[in-house]
Amino acid sequence: MFNDIGALELVTLIVLAVLVFGPDKLPKVIQDVTRTIRKIREFSESAKQDIRQELGPEFKDFEFEDLNPKTFIRKQLDNDELGLKEIRNGFDLKKEMAEVTDAVHGREPDSSSVSSSSGASGGGLDMTKKPESPRDDRPPFDADAT
């Protein structure tokens, strides 16, 4: 429940509770809060049991955590009925990126550039081309005009 609270935050909450409720009333407040949390948990478990009884024996494996959208999607994606693991394993990101790079630079994709992209050449750069001289598209500077 409090997995993301650090030690400094916990100390700050304790100091704040002592300042707000005082050292005399703090144990009584803690007991009241603990009792309230316990009653809420009991009510929640009772409601879950009632729902399971109403659903019947065919839903005995039903978990309420499955109603969380993240959990539901994760379980559905882990299910191998759709064949998603085969698709995920068959996808080679380096090869796809090399093909996109070749398409952007207007080169023909060939198997040698794809296989060398994972080697020491550093991402399939073509080292045979000479770099172009930078073009200066700015108009000439006129000192008299300023």
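Condition (residue is loosely packed, with under 10 Cβ neighbours inside 10 Å, part of a helix (DSSP H, G or I) and either within 32 Å of the chain's Cα centre (by Cα) or of a type in the set (S, T, N, Q) (or both)) applied to the stretch 4-11: is it met by at least one residue? Yes: one or more hits. For the stretch 15-32, the count of residues that are more than 29 Å from PHE64 (Cα to Cα), under 34 Å from the mean Cα position of the chain (by Cα), surrounded by 10 or more Cβ atoms within 10 Å (Cβ to Cβ) and without any contact (Cβ under 8 Å) to a residue 12 or more places away in the chain is nonzero. Candidates are the residues of the stretch 50-71 that are open to solvent by 70 Å² or more (accessible area, probe 1.4 Å) and over 33 Å from the mean Cα position of the chain (by Cα); the one that is nearest to VAL15 (Cα to Cα) is ASP50.
The values are calculated or read from the model by the stated rules, or taken from the named source; none is laboratory data. Just so it is clear, the structure is predicted and the values come from calculations on it, not from any experiment. Cβ atoms come from the backbone with ideal geometry, glycine included; neighbour counts cover every protein chain shown. In case anyone asks, the SASA skips ligands and DNA or RNA and just uses the protein heavy atoms, side chains included. Shrake-Rupley method; radii C 1.70, N 1.55, O 1.52, S 1.80 Å.
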